[in-house]
Amino acid sequence: MAIRRIMLYGQDDILMKISKPVDEINDKILNILYDMIETMNEADGVGLAAPQVGLLKRICIVKDEKGEILKLINPIIIEKKGNQNGYEGCLSVPQKRGKVKRANIVVIKAQDENGIWREIVGKKIVARAFEHEIDHLDGKLFVDMVTKWSDR
Ligand code: NI
C-alpha cells in the first residue's frame, strides 16, 4: 500500500473530468482502493474519490457514522429524500468549508471489493458524503454549490 498525492482544486484539472466505470475488480483496482484508504486516513478525511488521487475510475470511499470505511465501486444514487443544509469540506480544497444543500437521506447501490452489489442507506452526514463523493466521479466539486463560505 502507498499514500498517493491528493489532487488539488485550481491545480489538477483531472478533478473536473468524468470517471469511467470499473468493469473488472482485479488486483490493480484493489490496490487503488487500499491506497485510497491509506491516503484518506493519513489526511484525516471522511471520504475520498479516485479522481482525487489522479485516477478516472468510479471508485470512492466514505467513512460511515460508526467509523467503518465503505468501499464503493461503480456507485449509483437510486433515491434521495428530504433536504439538509450544512457545511462540508474536501481534501482537494484544503482549509475551506462551505455551506451546501444536500439530500437528508441518500440511498445508493454500489459494488463492494468482492463485486457484490449492495444497497446502502446514508443518512445526514453519510448522505452528504455519498453525494459529495459521487459528484467527484462526475467531475463536480462542492465549491460550485456553496451558498456561504465559512471563516474557519
Ligand atoms: Ni471531496
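The values are calculated or read from the model by the stated rules, or taken from the named source; none is laboratory data. Note that this is a predicted model, so its numbers are computed, not measured. Here Cβ is always computed from backbone atoms with ideal geometry, including for glycine, and neighbour counts include all displayed protein chains.
Among the residues of the range 33-56, those identified as part of a helix (DSSP H, G or I) and out of contact with any Lys or Arg (no Cβ under 7 Å at 6 or more places or on another chain) are 34, 36, 37, 38, 40, 41, 42, 43, 52.
Taking the stated definitions as given, is residue 118 assigned to a strand (DSSP E or B), modelled with pLDDT of 95 or more, among the charged types (D, E, K, R) and farther than 16 Å from residue 131 by Cα? Before the answer, list the steps.
Working: assigned to a strand (DSSP E or B): yes; modelled with pLDDT of 95 or more: yes; among the charged types (D, E, K, R): yes; farther than 16 Å from residue 131 by Cα: yes.
Answer is yes for this residue.
In the range 99-152, of all residues being within 16 Å of the ligand (Cβ to nearest atom) and among the aromatic types (Phe, Trp, Tyr), the one that is surrounded by the fewest Cβ atoms within 10 Å (Cβ to Cβ) corresponds to 149. Only residues that are of a type in the set (Asp, Glu) and over 25 Å from residue 22 (Cβ atoms) were counted across the range 66-96, and they come to 1. The set of residues in the range 57-82 being acidic (Asp, Glu) and part of a strand (DSSP E or B) consists of 79 alone.
If only residues of the range 78-97 that are within 17 Å of the chain's Cα centre (by Cα) and among the basic types (Lys, Arg) are counted, the one that is farthest from residue 127 (Cα to Cα) is 96.
Note on the range 12-58: residues that are closer than 18 Å to residue 109 by Cβ, without any contact (Cβ under 8 Å) to a residue 40 or more places away in the chain and surrounded by 15 or more Cβ atoms within 10 Å (Cβ to Cβ) total 1. Does at least one position in the range 12-19 carry a residue that is polar (S, T, N, Q) and under 23 Å from residue 94 (Cβ atoms)? Checked against the condition, which is being polar (S, T, N, Q) and under 23 Å from residue 94 (Cβ atoms), the range 12-19 yields at least one hit.
Taking residues in the range 121-140 that are at positive phi, and partners anywhere that are part of a helix (DSSP H, G or I), the pairs with Cβ atoms closer than 9 Å and at least 6 places apart or on different chains are 139/14; 139/15; 139/16; 139/51.
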